[in-house]
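See structure below.
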Amino acid sequence: MQLLQFQNEFPFVVNALLSAKRAGRLSHSFIVHSDDSTLSADFAISLAQAVSCPEPFDSGDACGECQVCRQLENRTYSELFALAPVSKSRQIVIGKDSDEPDTMRWFQSQFHLKSVSGGGMKIGIVYDADCMNQEAQNCFLKTLEEPPPSSLLILLTPNPFTLLPTIRSRCQNILLLRNKSVYDAEKMKDVLPVLHMLSFGKADISVAETCASELICISGKLHDIAEEKIAGKWKKFLGDTKNLESAGQKLIEKRFDAAVASEYLGMRNSFLSMIHAWFAHVHMLSQGIPLDSLANPELVSGFKIKPEDIDPKKAYRSLRLSENLLQVLQWSVNGDLALREFCLNVALGSKK
Ligand SMILES: [Zn+2]
């Protein structure tokens, strides 16, 4: 499968990768952040093909026909090394030594071994990279810092936030959210009308400002909602801690905070992915894809959108902006500013 096959769904990602490839400034290490493990695994192979194919198209994409492309496709390429969690604990551990299979040390020794075929690209893929424990992640950093020549490292994960910041900062992030997720109906009721207004409302600043304020307000409440939800679940448990000595109580409090943080993260991801999914769906409608073929038709079905009423250029541009927003918000501290800029750009049709 070539990268071009993902273009309809993730135009921004694919175009950015191919243009970097053509310019010779493609990164050597990537994190593929996706909620669909089959999708991210297929995408990783396509990326590996684009990087390794000896006879690529002018677009930068792999030919898909040559021996390297075919071997990567059926995973028989001799320079392809994979690491995935296999133990019961679902952890990727560092391992005793390089002879212990499916451990970080084993993976690294293979990856750094002088290539037998000579000259070909080395491809390392870590599946469920968030399953690397701390020790394995620290060890992996060495490979990221000093990769073998002509190599490509790809980490696949639904949750990049569990990776060390030092790992994340050394990899380029690729965001492929397919939004198979089931959306909270309550939240859809709040968010979707705002997105509809943004897509189909008047192109002026007051519309953009109204939408931005609404989205910022919804996003701002998420942490409180997460805390309330966890507190409700932990009620009895938290009551019991009053009888514990202070060290025990501290531990419980710490776990409570961690549970709230994880709940909040999930809610925020779902909120952001809903924004992205909306624009992806509107874009697909503009391309003539029927409503019932969409992943989450319930997102758009309530608005009776006629495909001929959609400006396909605006839909495409908005989808790109929403992909960009998700990328920015993953690392950004000032999410409000990013949301406001996003709303302005979508409503006013900035070419950015
Ligand atoms: Zn090829």
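The values are calculated or read from the model by the stated rules, or taken from the named source; none is laboratory data. Not measured: the values here are computed from a predicted model. Neighbour counts are summed over all protein chains in view; Cβ atoms, including those assigned to glycine, are modelled from backbone coordinates with ideal geometry. Just so you know, the surface numbers come from the protein's heavy atoms only, side chains and all, with ligands and any DNA or RNA stripped out. Shrake-Rupley method; radii C 1.70, N 1.55, O 1.52, S 1.80 Å.
When the inverse distances between all different Cα atoms of the chain are averaged and flipped, the Kirkwood radius reads 22.3 angstrom. Think of each Lys and Arg Cβ as +1 and each Asp and Glu Cβ as -1; about the Cα centre, that makes the dipole of segment 3-176 roughly 380 debye. Scan the chain and note any complete DSSP helix (H) whose C-alpha atoms cover at least 24 Å along its axis and whose Kyte-Doolittle average is 0.0 or more. In the chain, the long hydrophobic H runs are 205-240, 246-286. Between Lys306 and Asp336, what length comes free when the chain is fully extended (0.36 nm per residue of separation minus the Cα-Cα distance, one decimal in nm)? That pair, Lys306 and Asp336, stretches by 7.6 nm at full extension. A straight Cα-to-Cα reach below 20 Å connects Lys229 with the aspartates and glutamates Asp184, Glu186, Asp190, Asp240, Glu253, Asp257, Glu263, residues fewer than 8 places away in its own chain not being considered.
Using a 1.4 Å probe, how large is the accessible area of Glu341, given in Å² and rounded to the nearest 10? The accessible area comes out at roughly 90 Å².
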